[in-house]
Amino acid sequence: MEVGQMQRRLVDYTKSLFMEGFLDAQFLQLQQLQDESNPDFVVEVVSLFLDDSEKLLNDLTMALDQPNVDFKKVDAHVHQLKGSSSSIGAQRVKNACIAFRSFCEEQNIDATLRCLQQVKQEYYLVKNKLETMLRLEQQIVAAGGSIPMIELGF
Amino acid sequence: MELMKSSDNIIQDRTQQQHKQEPEMQAQEGQQEQGHHFHVLAVDDSVIDRKLLEKLLKVSSYQVTCVDSGDKALEYLGLLNNLDSDSTASSSSSSSSSSNSSSCSQSSQREGLKVNLIMTDFCMPGMSGYDLLKRLKGSSWKDVPVVVMSSENVPSRISIRCLEGGAEEFMLKPLQLSDLEKIEAYLLKSLHLSCTNIDKDDDDNNADHNSDNNNDKVVNNDSNIDKGNNSTSMNNNFSKRKALSSEDTESRRPKIKGLAVAI
């Protein structure tokens, strides 16, 4: 596949992520911050997010598995995950966290367990999407092309 | 130490000059080579937010130091285990403008340490942003502007409390390039205060590396503001999002009265 085709495929793919709500404008901000002096900025931030989130999801799973759930602790973890997903533009994860927090406030164990599943699902979805997108970018760069900037009218 | 820092800044910023969103780099090159940069201390427990903030600040040509807690911030500023005092012997001579407590060249336990702005997350484990703010305002660093950030829609009683505690502003995360323009205003304001002090003292003007650059920075205000405007135009795509957030926050961000920018 030649570079032009790859670039078009990347643009279409990235746009779909925005259309489907996986990513929001904050992700565009990250891309805009990337430059020649730091060409791996987005990759680095995404990696940080993925590592951080895996850890938080593990912590959440453990915290909700306790006989006496400490909802304050659960809420603190969700707050962190909400913050990081918001900072990276992972919109659906962020929204799932917002819902999660309201159930933490209610100390509703069933609802929070469902929320955890929901957040995990959204996380794995966006992880998959981001990794696919970054792989496409890598392929373009490896073929000597440049990564096209996405411009969306929000 | 100041001179070494300056050359580090030059090296750092040469790489930033390739940034495609800063067409004004040619004009600013002269200014940067004088080696004066605002130094921002960023405090946030989130590794992602630290990385993001660091990038935003570096893209805006600021020197950045990131720490992950209020305690680390105090330690960096030399405020832990110490009485907060301007009169420590080690902070005299070589560090600039020791005669005035301007925010541009704050004498401290760490010789030559200059911090022009502190940006801190509000919600942190251990020492909160508010606690850090209070500690700073009760210390020799009290004249350094402090901006508090939060990812939450924080109730206004909390944001007002921070403003009453001496914070310049309460900002919503995630920060954007457009938010950096406001930060520039606080930095220039602090510069204006220190420049009025410096003008009174001719010796400082000659001997002081920093104050020379301070004067130059005042002269070059327009290019700084322009840079800020360029960032805004780059963010046209986000205009709707920006508008939304400013409407949402209008009620939560009490206006800062009397913000005098030295233009």
Members of the stretch A:1-34 that are more than 18 Å from residue A:140 (Cβ to Cβ), exposed (fewer than 14 other Cβ atoms within 10 Å of the Cβ) and among the aliphatic types (A, V, I, L, M): A:19
Looking at A:28, A:48, which is the one that is at pLDDT 95 or above and within 9 Å of chain B (Cβ to nearest Cβ)? A:48
Considering each residue of the stretch A:73-110, count those that are more than 14 Å from residue A:26 (Cβ to Cβ) and assigned to a loop (DSSP other than H, G, I, E, B), and give that number. 2
Which of the residues spanning the stretch B:37-54 are under 21 Å from residue A:35 (Cβ atoms), more than 9 Å from chain A (Cβ to nearest Cβ) and buried (at least 23 other Cβ atoms within 10 Å of the Cβ)? B:37, B:38, B:40, B:42, B:53
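Mind checking whether some residue in the stretch A:63-85 is aromatic (Phe, Trp, Tyr), in contact (Cβ under 8 Å) with a residue 24 or more places away in the chain and more than 15 Å from residue A:23 (Cα to Cα)?
yes
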Of the residues A:22, A:18, which is away from every other protein chain (no Cβ under 13 Å), at pLDDT 95 or above, out of contact with any Ser or Thr (no Cβ under 6 Å at 6 or more places or on another chain) and closer than 17 Å to residue B:174 by Cβ? A:22
For the stretch A:31-41, which positions are within 9 Å of chain B (Cβ to nearest Cβ) and not in a strand (DSSP E or B)? A:32, A:33, A:34, A:36, A:37, A:41
Exception for residue A:54 within (1) modelled with pLDDT under 95; (2) surrounded by fewer than 20 Cβ atoms within 10 Å (Cβ to Cβ); (3) not hydroxyl-bearing (Ser, Thr, Tyr) falls at (1)
Of those in the stretch B:149-168 that are without any contact (Cβ under 8 Å) to a residue 60 or more places away in the chain and in contact with a strand residue (DSSP E or B) (Cβ under 7 Å, 6 or more places away or on another chain), the residue nearest to residue B:182 (Cα to Cα) is B:167
Odd one out for residue A:64, checked against (1) in contact with a helix residue (DSSP H, G or I) (Cβ under 8 Å, 6 or more places away or on another chain); (2) more than 11 Å from every other protein chain (Cβ to nearest Cβ); (3) more than 28 Å from residue A:112 (Cβ to Cβ): (3)
Among helices (runs of 4 or more DSSP H) completely within the stretch B:115-217, the ones holding 1 or more residues that are surrounded by fewer than 20 Cβ atoms within 10 Å (Cβ to Cβ), in contact with a Pro (Cβ under 8 Å, 6 or more places away or on another chain) and modelled with pLDDT of 90 or more are B:156-164
Does any residue in the stretch A:112-128 that is more than 22 Å from residue A:68 (Cβ to Cβ) and at pLDDT 95 or above come within less than 6 Å, Cβ to Cβ, of a residue that is of a type outside the set (A, V, I, L, M, F, W, C) and surrounded by 15 or more Cβ atoms within 10 Å (Cβ to Cβ) six or more places away or on a different chain, and which pairs are these? A:122/A:92; A:123/A:53
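The values are calculated or read from the model by the stated rules, or taken from the named source; none is laboratory data. Treat the numbers as computed from the prediction; the structure is a model and nothing was measured. Because the Cβ atoms are built from the backbone with ideal geometry, glycine has one as well, and the counts that use them run over all protein chains shown.
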